[in-house]
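Visitor: Structure incoming, see below.
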Amino acid sequence: MSGLALQNGGRATWAFGVLAVTWLAAILFADGFDTVSSFRYLVQTASFLGIVAVGQTLVVMMSGIDLSVSGVVALSAVVCAKVASGTGGGAAAMTVALLLSALVGAVNAAGVVWLRVPPMVMTLATGTILSGTLLVYTDGSPSSAHLPLLDSLAGGRLLGVPRSFLLWLLVTAAAFWLLHLSRTGRYAFALGAGEDAARASGVPLVSTAFTAYVSCALLAGVAGLVLLGFTGTSSLTMGNPYQLLSIASVVLGGTSILGGRGHLLGTVGGALLLTLLTALLTSWNLSEGVRQVVLGVLIIGLLLVYARERRT
């Protein structure tokens, strides 16, 4: 497994290489990107996307996908804000939010494994149900909450480093062990390479799928809580940007969208790259449409590079 991890890790260097070039371009052609404060803000905002993308990597690696992460981000923040305002208990509110997030992941896994629903269809349906449920639950109104723990985690610093970034590092380290150093990770790679062959080899599909989908939803829930601490307000659409961007981070990091090939550290580079690129395009006062076009062209370009590398 270590040899495979090193081999796949080579593809992750593309994301960090493009990140370095983009950062240099930002310093040369835009204002404010050469300061410590701008770098600190970049890693702080990238951590929200990065936490979601780490969970998405676990699912994609086993040839799955989770289109419900945007709904789970909103679910976690909305439920936490509602419960906290009703009971005043921050710890209880966060616990309920994370348990519900994990439950969504379990439902996704059950649909994929036992009902044999394609992952894209299952998770998209789950996300749609979540959006409708939250609309009924909140009547479309945002909820505010200021919990000291979340406020400190989202906006505080430790030795000058944003705590949200440190949380992202801890999440990444745990997921790295799970994916690249544990037996569950070997099973995920095997399922991504070919489910039929993996089943014939005795790979436990049920436990591996539940681990991946529950972890993905749980991390989306964590991101929702951190976002709640960062903004102080929960809304039904706060998770929308992270649905496709989390998948794009995985792809830009060199992980095959078909599974079985990639490296978690590449996802870190992909999340940083997307956050930096979005900030750079915003500083140039480009419209949302132009930013989306540039991001799409970049993803396609890197996919072509990865495809060529795989053939050689």
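Read the figures in this text as sums done on the coordinates, not as results from a lab. Note that the structure is predicted; figures quoted are calculated from it, not measured. All Cβ positions, even for glycine, are placed from backbone atoms using ideal geometry, and neighbour counts span all protein chains on display.
Visitor: If I model a spin label as a point 7 Å beyond the Cα along the Cα-Cβ vector, how far apart are those points for ALA30 and VAL117 in nm?
Guide: Placing both labels 7 Å beyond Cα along the Cβ direction yields 3.9 nm.
Visitor: Between the stretch 55-130 and the stretch 168-188, what is the C-alpha centre distance in whole Å?
Guide: The two parts, judged by their Cα centres, are 20 Å apart.
Visitor: Continuing with this model, one more query. If amide hydrogens are placed 1.01 Å from N in the peptide plane, which non-local residues have theirs closer than 5 Å to the one on SER143?
Guide: SER234
Visitor: If you put +1 on each Lys and Arg Cβ and -1 on each Asp and Glu Cβ, how big is the dipole of the stretch 2-311 around its Cα centre, in Debye rounded to 20?
Guide: 600 debye
Visitor: What FRET efficiency do you get for ALA91 and SER144 if R0 is 22 Å and r is their Cβ-Cβ distance, rounded to the nearest 0.05?
Guide: The formula returns an efficiency of 0.75 here.
Visitor: Run lengths n ≥ 4 of DSSP H only: what is the helix-derived mean residue ellipticity at 222 nm for the chain, with -39500 (n - 2.57) per run over all residues, to the nearest 500?
Guide: -26000 deg cm²/dmol, from helical runs alone.
Visitor: Another question, then. ³J(HN,Hα) across the stretch 129-139 via Karplus (A = 6.51, B = -1.76, C = 1.60, θ = phi - 60°), whole Hz, x for Gly/Pro?
Guide: 4, 4, 4, x, 4, 5, 5, 5, 5, 9, 6
Visitor: Answer with one residue from THR13, GLY160, GLY86: the one whose Cα lies farthest towards the positive end of the charge dipole of the chain, charges on Cβ with Lys, Arg +1 and Asp, Glu -1.
Guide: Farthest towards the positive end: THR13.
Visitor: While we're here: Could you size up the charge dipole of the stretch 117-248 around its Cα centre, putting +1 on the beta carbon of Lys and Arg and -1 on that of Asp and Glu, and report it in debye to the nearest 20?
Guide: Value, rounded to 20: 340 debye.
Visitor: Shifting gears a bit: Taking only Cα atoms and a 10 Å spring cutoff, compute GNM fluctuations for the chain and point out the largest among GLY260, GLY160, GLY50.
Guide: GLY160
Visitor: State the label only: which of (1) 21.5, 84; (2) 20.6, 64; (3) 19.0, 60 corresponds to Rg and Dmax of the Cα atoms in Å computed from the shown model?
Guide: The value matching this structure is (3).
Visitor: Per residue of the stretch 148-156, in order, report the coupling 6.51 cos²θ - 1.76 cosθ + 1.60 (Karplus, θ = phi - 60°) as ³J(HN,Hα) in whole Hz, putting x for Gly and Pro.
Guide: Working through the residues one at a time gives x, 5, 5, 4, 5, 5, 7, x, x Hz.
Visitor: Have a look at VAL83, VAL294, VAL18 and tell me which one the Gaussian network model of the chain (Cα, springs below 10 Å) gives the largest fluctuation.
Guide: VAL294
Visitor: Which of the three applies to the stretch 201-295, rounded, prolate or oblate, going by the alpha-carbon gyration tensor with a ≥ b ≥ c and a/c under 1.5 meaning rounded?
Guide: The shape class here is oblate.
Visitor: For the stretch 2-311, with the dipole built from +1 on Lys and Arg beta-carbon atoms and -1 on Asp and Glu ones, taken about the Cα centre, which of THR35, LEU245, GLN292 lies farthest toward the positive end?
Guide: So the residue we want is LEU245.
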